[in-house]
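Working notes, beginning with the structure itself.
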Amino acid sequence: MVFRDLPRQARDFIFDKGKFLQMKINEEFIRDCRAFLQADQLLLEEPMSRQTTFEIGGPADCLIFPQTIEEVCRVVALVQEYDLPLTVLGNGSNLLVRDGGIRGVVLKFNGPMSEMRLEGSHIIVGAGAHLKDVSEFAAAHGLTGLEYACGIPGSIGGAIFMNAGAYDGETKNVAFAVKTVDRQGAIKSYSKEEMELGYRHSIFQANGELICEVELSLEPGNEKDIRAKMEDFTQRRESKQPLEMPSAGSTFKRPKGYFAGTLIDQTGLKGLKVGGAQVSTKHAGFVVNAGGATAADVQGLIKEVQRRVFEQHGVKLYPEVRMIGED
């Protein structure tokens, strides 16, 4: 009997008690993946501090950079066969990886999964494309509707996953269709209505499917006007947000009837530090890595901010940043 044929309880016991057998199953999975992946597409024990905008996080057991949706299908099918944990990342923004790292397999969608093509007023784009690049592509073709995204530090796949938004624009306003890979390795398609896009929410947060390709529906516009709006948004962002320091973007969701940054500022918390994590002195809605911050530092600071804001204003703040991995 091979390892993957053992009952789940027996496999869990072996993973806990026998590192040698754990490595054996990992080696089998890695061998099968290397049969169709290039060497630089698969990294072992990769520190996630190198893969996230926060520059924080312990190692991933196995990090894979797929180049095509077909490779995604093959990797996911192998993950299912070997019964390994699977985590999916976009650009690594809006994310805090805990200090213990991530067990199992991490799929990160980046450059190779970022091709764009134009079909009328629709843009079809790989999930790994940066939002800034997609908004630039739209502007170059005289298409309006994506200006708000020019400064959001994430990928289009991540934007769908979180229904990213800024300056009164939201991904749900331009999303048209999505192509995903489910946890069995099958390709599926979703219409805009089926995505269930809401405030920082999508159906993919619940079903765990991997967003691989996005179709956006935009409107014809004047390139000069589009670029003027993008420049305005960029200047506003650069003047107000701590872009010069590592962060995961806006740390807290907007509470109904309030702005998180304003509440934190009014509580006198700008500059508050826990270890290397700090409430930005430029914009109180951001927790930044002021140097050598750990995930535990960030989590501790978030909890302290939540406690003090609730104590003074009676408002509960909830993190917008996605937290994954082990402590």
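The values are calculated or read from the model by the stated rules, or taken from the named source; none is laboratory data. Worth saying up front: this structure is predicted, and the values here are computed from it rather than measured. Cβ coordinates were reconstructed from backbone atoms using ideal geometry, including for glycine residues, and neighbour counts include every protein chain displayed.
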> Does at least one position in the range 143-154 carry a residue that is outside the structural domain of Phe286 (by TED's automatic domain parsing), part of a helix (DSSP H, G or I) and among the acidic types (Asp, Glu)?
Replying inline: yes
>> Quick test for you: out of Gly126, Gly154, Gly165, pick the one residue that is within 24 Å of Phe252 (Cα to Cα) and surrounded by 20 or more Cβ atoms within 10 Å (Cβ to Cβ).
In response: Gly154
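Suppose we filter Val88, Val134 for residues that are modelled with pLDDT under 95 and crowded, with 18+ Cβ neighbours inside 10 Å; which single one remains? Give the steps one after another, and end with the answer.
Working: Val134 fails: modelled with pLDDT under 95.
Only one candidate passes the filter, namely Val88.
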> If you check every pair at least six apart or on different chains, which have Cβ atoms under 7 Å apart with a residue in the range 297-315 that is among the charged types (D, E, K, R) first and a residue that is assigned to a helix (DSSP H, G or I) second?
Replying inline: none
> How many of the residues making up the range 171-230 are surrounded by 13 or more Cβ atoms within 10 Å (Cβ to Cβ), hydroxyl-bearing (Ser, Thr, Tyr) and free of Cβ contacts under 8 Å to residues at least 24 places away in the same chain?
Replying inline: 1
> Wholly within the range 201-288, which helices (runs of 4 or more DSSP H) include no fewer than the required count, namely at least 2 residues that are modelled with pLDDT under 95?
Replying inline: 204-207, 223-240
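Have a look at Thr144, Thr171 and point out the one that is of a type in the set (Val, Ile, Thr) and within 29 Å of Thr52 (Cβ to Cβ).
On inspection, the qualifying residue turns out to be Thr171.
Is it the case that some residue within the range 297-314 is part of a loop (DSSP other than H, G, I, E, B) and touching a Gly at 6+ places or on another chain (Cβ under 9 Å)?
No, there is no match, as no residue in the range 297-314 is part of a loop (DSSP other than H, G, I, E, B) and touching a Gly at 6+ places or on another chain (Cβ under 9 Å).
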>> Here are the criteria: (1) under 21 Å from the mean Cα position of the chain (by Cα); (2) surrounded by fewer than 24 Cβ atoms within 10 Å (Cβ to Cβ); (3) in contact (Cβ under 8 Å) with a residue 40 or more places away in the chain. Tell me which single one Ser121 does not satisfy.
In response: (1)
> Which of the residues belonging to the range 105-118 are within 17 Å of the chain's Cα centre (by Cα) and surrounded by fewer than 16 Cβ atoms within 10 Å (Cβ to Cβ)?
Replying inline: Gly111, Pro112
>> Looking only at the range 68-85, how many residues end up being surrounded by 19 or more Cβ atoms within 10 Å (Cβ to Cβ) and within 18 Å of the chain's Cα centre (by Cα)?
In response: 1
>> Tally up the residues in the range 194-232 that are touching a helix residue (DSSP H, G or I) at 6+ places or on another chain (Cβ under 6 Å) and either in the same structural domain as Gly291 (by TED's automatic domain parsing) or under 25 Å from His283 (Cα atoms) (or both), please.
In response: 3
> Is there a residue in the range 281-289 that is closer than 18 Å to Val97 by Cβ, in contact (Cβ under 8 Å) with a residue 60 or more places away in the chain and surrounded by 17 or more Cβ atoms within 10 Å (Cβ to Cβ)?
Replying inline: yes
